[in-house]
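Participant: There's a structure below that I have some questions on.
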Amino acid sequence: MKESNTILPQGKVTGTQEIVLEIKNLNKSFGDNHVLKNFNMKLYKGENLVIMGKSGSGKSVMIKCLVGLIQADSGIISVMHKDITTLNQTALDILRSDIGFLFQGSALYDSMTVRENLEFPLRRHSSRFEKNMDTNTLVMEALENVGLAHAIDLMPAELSGGMQRRVALARTLILQPKIILYDEPTSGLDPITAKEIIILMQDIQKKYNTSSLIITHDVDCARAISDRMVLLIDGTNYAEGTFDALSVSTDPKVKAFFKH
Amino acid sequence: MSGLSNIKSHIQTFLKEIGELSYFTARFFKESFRKPFEFKEFLRQCYSMGNRSLVLVGITGFIIGLVLTLQTRPTLMEFGAVSWMPSMVGISIIREIGPMITALVCAGRIGSGIGAELGSMRVTEQIDAMEVSGTNPFKYLVVTRVLATTFMIPLLVIIGDAIGLYGSYLVEHLKGDVSFQLYFNQVFESLEFGDIIPATIKSFFFGLAIGLVGCFKGYYCGKGTAGVGRAANSAVVFTSLLLFIIDFIAVFAADIFYDL
């Protein structure tokens, strides 16, 4: 198994922590384009792991392989000790309810109101909650978490980019997932809104003790939120470590990420 | 040589698309009988499609009835056969013109709408978001829409036929002083089950084709806004072609059946 070229201090991770997500030797190609080459990664319980890489380096492909949106060519993807590549559709759907996914463009259902957007995953997984649990209470609680209770009856098109991202975060939270995958959570947002989203992500992590995998190329975001980082270069996990350790690395490829 | 390889490539693409559409159709039939049934969404789609297309189908049918009668009247008068007008228009509209014109109008109105809507959902990752939330997007988006077009097109055809015949009656009433009762008595006297049943069965297949092609083009839409445009456009073109092929097969089959 190919390991990272650079292994640096590992943030708050200790040897006793439970692994909630693990990727072993993941490969994915599109024609002749080998996007992921023996990629390896571990996410520990309660950890914020940032995967950083250039645009087109395969970050989004990797995160989509994790939830079965893209089929990997080979490799093992273990989510909460279940290999998702071997699960049937029903088992995969149940497992997916434990994984929140914040899409790069928010991906709100634009024909539904904010309330309906949040109710949609609830209808599919009502068995996760007590029988007499009021849907409205859950929706309001999720919206209050992101400070948008007042927008409950608005359509996504009536919201700003930052508000859409917060509603998408509320939709991700509503099933109370154990792992949250963030695909470029701050891309396309102004610095102030991006900072608000980062603070929200930190609050959510503290409140629900979720494990988070954050895909980004935003150094400020990585600095603010990461416990540990993996640099994805040429389809492999090129370097791993804390932000502070990686940012002083002398490796030219690693330095290139932090030089600004 | 390059022209030949160009033709070969076009044929390959066309055959590949036919193969993919066949697989898509098989999946539709398979998923239609599997739980959960998205009945609420199916009703919403029926209402939306019927409601959005009713005025257009009505106006088109009315004008076709008017024009057909106005254009045919002088010729029938020349042969002293103007009393055959209700029978001729009735059979023409019920058997062929009504279903075909309604289906073509709906291919433009509904087919392109479905192609653009699903295409846009694909591009903005809404379909992925649905899948990640544990919902089967094929069942929720495709099955409901295809079933809705299959049930709504025959209804729209009946309404279009009725309005078309009324348009024809208006011309006859104004030019020939024919009463409403006399006109429609003659229409119904000339019609047989052999005129109505094949036309109705044909309409179901028209609806199925409109829904399937629209969903197929949208569901597998290319990237970006250009992809959405192409999906909507090719949905209309491909459906229109398919409608003529289905019409030919239906007329041919009905002809063989009644000859037996």
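Participant: Straight-line reach from A:LYS195: which aspartates and glutamates have a Cα under 15 Å away, not including same-chain ones fewer than 8 places off?
Facilitator: Answer for A:LYS195, where 15 Å is the Cα cut-off: A:GLU184, A:ASP203, A:ASP218, A:ASP220, listed by chain and number.
Participant: Please sort B:49-57, B:158-166, B:90-98 by packing, taking for each peptide the average over its residues of neighbouring beta carbons within 10 angstrom, highest first.
Facilitator: Packing order, densest peptide first, comes out as B:158-166, B:90-98, B:49-57.
Participant: Right, another one. What is the Cα radius of gyration of the stretch B:40-259 over 2.2 N^0.38 Å, N being its residue count?
Facilitator: Ratio of Cα Rg to 2.2 N^0.38 Å: 1.17.
Participant: Quick one: among B:VAL157, B:VAL123, B:VAL132, which has the greatest mean-square fluctuation in a GNM of chain B with alpha-carbon springs under 10 angstrom?
Facilitator: The residue that fluctuates most here is B:VAL132.
Participant: Taking a 24 Å limit on the Cα-Cα distance, which of the listed pairs B:LYS40/B:LYS139; A:LYS37/A:LYS253; A:LYS64/A:LYS255 fall beyond it?
Facilitator: From B:LYS40/B:LYS139; A:LYS37/A:LYS253; A:LYS64/A:LYS255, over 24 Å: A:LYS64/A:LYS255.
Participant: A follow-up question, please. Just need the relative contact order of the stretch A:139-231 here, percent rounded to a whole number, with Cα pairs under 8 Å and 6+ apart.
Facilitator: Normalised by residue count, the contact order of the stretch A:139-231 is 27 percent.
Participant: Right, next: Under a plain spin-label model, where a point goes 7 Å from the Cα along Cα-to-Cβ, how far apart in nm are A:LYS54 and B:VAL251?
Facilitator: A separation of 6.0 nm, rounded to one decimal place.
Participant: Can you tell me which of A:GLN176, A:GLN104, A:GLN71 moves the most in a GNM of chain A? Springs connect C-alpha atoms under 10 Å apart.
Facilitator: Most flexible of the set in this elastic network: A:GLN71.
Participant: Over 25 Å between Cα atoms: which of B:LYS30/B:LYS202; B:LYS30/B:LYS217; B:LYS175/B:LYS202; B:LYS8/B:LYS202 fall into that group?
Facilitator: Cα-Cα > 25 Å for B:LYS175/B:LYS202; B:LYS8/B:LYS202; rest within.
Participant: To continue, here is another question. Please compute one quarter of the surface area of the Cα convex hull for the stretch A:83-228 and express it in square nanometres.
Facilitator: Approximately 9.3 nm², given one-decimal rounding.
Participant: Pick out which of A:LEU173, A:LEU159, A:LEU108 has the largest mean-square fluctuation in a Gaussian network model of chain A, springs linking Cα atoms closer than 10 Å.
Facilitator: A:LEU159
Participant: Also: With an 8 Å cut-off on Cα pairs and a minimum separation of 6 or more residues, tell me the relative contact order of chain A in percent.
Facilitator: For chain A, the relative contact order is 30 percent.
Participant: Provide the per-residue ³J(HN,Hα) series for the stretch A:173-188, in order, calculated from phi with Karplus coefficients 6.51, -1.76, 1.60 and θ = phi - 60°, each as a whole number of Hz, with x at glycine and proline positions.
Facilitator: Whole-Hz 3J(HN,Hα) from phi for the stretch A:173-188: 6, 4, 8, 6, x, 8, 10, 10, 9, 10, 9, 6, x, 10, 5, x.
Participant: Within straight cross-link reach of A:LYS206, meaning Cα distance under 16 Å, which lysines are found once same-chain residues fewer than 8 apart are removed?
Facilitator: A:LYS12, A:LYS45, A:LYS178
Participant: In nm, what is the difference between 0.36 nm times the number of residues separating A:ASP190 and A:PHE258 and their Cα-Cα distance?
Facilitator: Between A:ASP190 and A:PHE258, full extension yields an extra 22.5 nm.
Participant: Moving on to the next point. Would you mind pulling out the separation of the Cα centroids of the stretch A:217-260 and the stretch B:139-155, in Å?
Facilitator: That distance is 50 Å.
Participant: For the pair A:ASP220 and A:VAL248, what calculated FRET efficiency results from E = 1/(1 + (r/R0)^6), where r is the Cβ-Cβ distance and R0 = 22 Å, to the nearest 0.05?
Facilitator: 0.80
Participant: FRET efficiency for A:MET133 and B:PHE193, Cβ-Cβ distance as r, R0 = 56 Å, nearest 0.05?
Facilitator: Calculated transfer efficiency: 0.50.
Participant: A further question follows. For the stretch A:64-96, state which residues have at least 20 Å² less accessible area in the presence of all protein chains than in their chain by itself, taking the probe as 1.4 Å and leaving out ligands, DNA and RNA.
Facilitator: Listed in order, they are A:LYS64, A:LEU69, A:ASP93, A:ARG96.
Participant: Under 13 Å Cα to Cα from B:LYS16, which aspartates and glutamates show up? Leave out anything in the same chain fewer than 8 places away.
Facilitator: none
Participant: Please state the relative contact order of chain B as a whole percent: Cα pairs under 8 Å, 6+ residues apart?
Facilitator: Contact order relative to length: 31 percent.
The values are calculated or read from the model by the stated rules, or taken from the named source; none is laboratory data. Fair warning: this is a prediction, and the values are worked out from it, not measured in the lab. Neighbour counts are summed over all protein chains in view; Cβ atoms, including those assigned to glycine, are modelled from backbone coordinates with ideal geometry. Note: areas computed on protein heavy atoms with side chains; ligands, DNA, RNA excluded. Shrake-Rupley method; radii C 1.70, N 1.55, O 1.52, S 1.80 Å.
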